[in-house]
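The values are calculated or read from the model by the stated rules, or taken from the named source; none is laboratory data. Computed from a predicted structure; not experimentally measured. Counting neighbours? That spans all protein chains shown, and the Cβs are built from the backbone with ideal geometry, glycine included. Only protein heavy atoms, including side chains, enter the accessible area calculation; ligands, DNA and RNA are left aside. Shrake-Rupley method; radii C 1.70, N 1.55, O 1.52, S 1.80 Å.
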Amino acid sequence: MRIWFNKTFSTIGAVFRNLRQSVPAGEVTLICTHTHTTAAAFLAADESYLEPSELTGIPYLEWCVIFCHQHNIQLFWPGKEAALISQYHALFLAVGTQVMSVADHDTLTLLHDKADFYAGLSPDVAKLMDFIAVNTRDEFDSAVAILSAKHEKLCVKPAVSVFGLGFRILDTQRDSITQLLKGVEYQIPLQELRQGMNNTPEFATLLVMEHLGGPEWSVDCAGRHGELLCAVQRKKSPLAGHGQTIDNNAEIQGMVARLTAHYRLNGLFNIQFKEGMHGPRLLEINPRPSGGFGMACLSGANLAQIALQSIRGKSFQPPVIRFGLRVTEVNMPVVLQEVV
């Protein structure tokens, strides 16, 4: 089977390695494309090609269809333009290619914007932190006043963001120079943030939230159109260098199963939680494999194999997950490109 992964995050290499381990040699050919010749994912692929960096939207979609036809792609696992591609499965089927979409277009669009995602989620499906979406300083001030009356610490994050970019805890005690000199990370002085808003009467949606001070879980999942096939919980240690633990939290498992069913999630995806004063709360659903995917597969569950078996319509033996296992990742130097 010829499987194509277009431009995506560099951590896709862990998916490649686990796919290759799951089938006899030569049964699967992994094709990877990227806009850079030194993409790390190329190191784990069987075939690699460059994508046209200037293409987006419909022109990129058309290029993808042509690529699938020219390279005899049987399964397309999209990263770039995944939401757009999810609307056009028929175009790919016409050239003999099946597309692996994590969800339909509306759901993928919804997951991209956490303000809309949170607002539409029922607590019967999953529990959220207390939050208010704002777009102006007045709305921000009101949100801070309301939430401060109920929670000791607050934080902010852009509604549209990846990798936790833009997340900050609101610091009501120190100014930015004190934070800088003391090496304080992921915090921002409340009053200085408010002052900055004076120059921006209206801004992109910002979430003001209760700060969840407990441990964080990253749950790597394999699903089949709303059926949760397997989920591996990685509980992160708050101490650097102490790795992560393969966990078995029943409340989190229940929320993962309900979220998978509610949004009809499919293939490989990741769901993140953090504990607050009243238990674990949902942070986000990532419609792609996580950066820690390889660690999850050390648990005894080859999630890539499970997803592939599901796509091919084959049964699989439910894995025995090694709960309590402590895992981590070790960086390894490699040559990206030989000198010519």
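Do we have any residue at all in region 283-291 that's buried (at least 24 other Cβ atoms within 10 Å of the Cβ), more than 25 Å from Val208 (Cα to Cα) and more than 12 Å from the chain's Cα centre (by Cα)?
no
If I ask for residues that are over 19 Å from His211 (Cα atoms), more than 31 Å from the chain's Cα centre (by Cα) and either free of Cβ contacts under 8 Å to residues at least 12 places away in the same chain or open to solvent by 80 Å² or more (accessible area, probe 1.4 Å) (or both), which ones from region 169-187 would you list?
Ile177, Thr178, Leu181, Lys182 - these are the residues of region 169-187 that are over 19 Å from His211 (Cα atoms), more than 31 Å from the chain's Cα centre (by Cα) and either free of Cβ contacts under 8 Å to residues at least 12 places away in the same chain or open to solvent by 80 Å² or more (accessible area, probe 1.4 Å) (or both).
Out of the helices (runs of 4 or more DSSP H) lying entirely within region 1-92, which hold 2 or more residues that are closer than 26 Å to Val335 by Cβ and either open to solvent by less than 20 Å² (accessible area, probe 1.4 Å) or in contact with a helix residue (DSSP H, G or I) (Cβ under 8 Å, 6 or more places away or on another chain) (or both)?
12-22
Which residues, counting only those in region 317-340, are touching a residue at least 60 places away in the same chain (Cβ under 8 Å) and within 23 Å of Ser218 (Cβ to Cβ)?
Within region 317-340, Pro318, Pro319, Ile321, Arg322, Phe323, Gly324, Leu325, Arg326, Val327, Thr328 meet the criteria.
Could you list, in sequence order, the residues of region 221-238 that are within 14 Å of Val327 (Cα to Cα) and assigned to a strand (DSSP E or B)?
Residues satisfying the conditions are Val232, Gln233, Arg234, Lys235, Lys236.
Assuming Ile306 fulfils every condition listed in (1) over 24 Å from Leu207 (Cα atoms); (2) in a strand (DSSP E or B) apart from one, which condition is it?
Tallying (1) over 24 Å from Leu207 (Cα atoms); (2) in a strand (DSSP E or B), Ile306 fails exactly one: (2).
With the structure loaded, tell me whether Ala261 is open to solvent by less than 40 Å² (accessible area, probe 1.4 Å), within 25 Å of Ala304 (Cβ to Cβ) and among the small types (Gly, Ala, Ser) or whether it fails that test.
Values: open to solvent by less than 40 Å² (accessible area, probe 1.4 Å): no; within 25 Å of Ala304 (Cβ to Cβ): yes; among the small types (Gly, Ala, Ser): yes.
It is false that Ala261 is open to solvent by less than 40 Å² (accessible area, probe 1.4 Å), within 25 Å of Ala304 (Cβ to Cβ) and among the small types (Gly, Ala, Ser).
Name the residues in region 96-135 that are surrounded by 15 or more Cβ atoms within 10 Å (Cβ to Cβ) and within 19 Å of Ile73 (Cα to Cα), would you?
Listed by number, the residues that qualify are Thr97, Gln98, Val99, Met100, Ser101, Val102.
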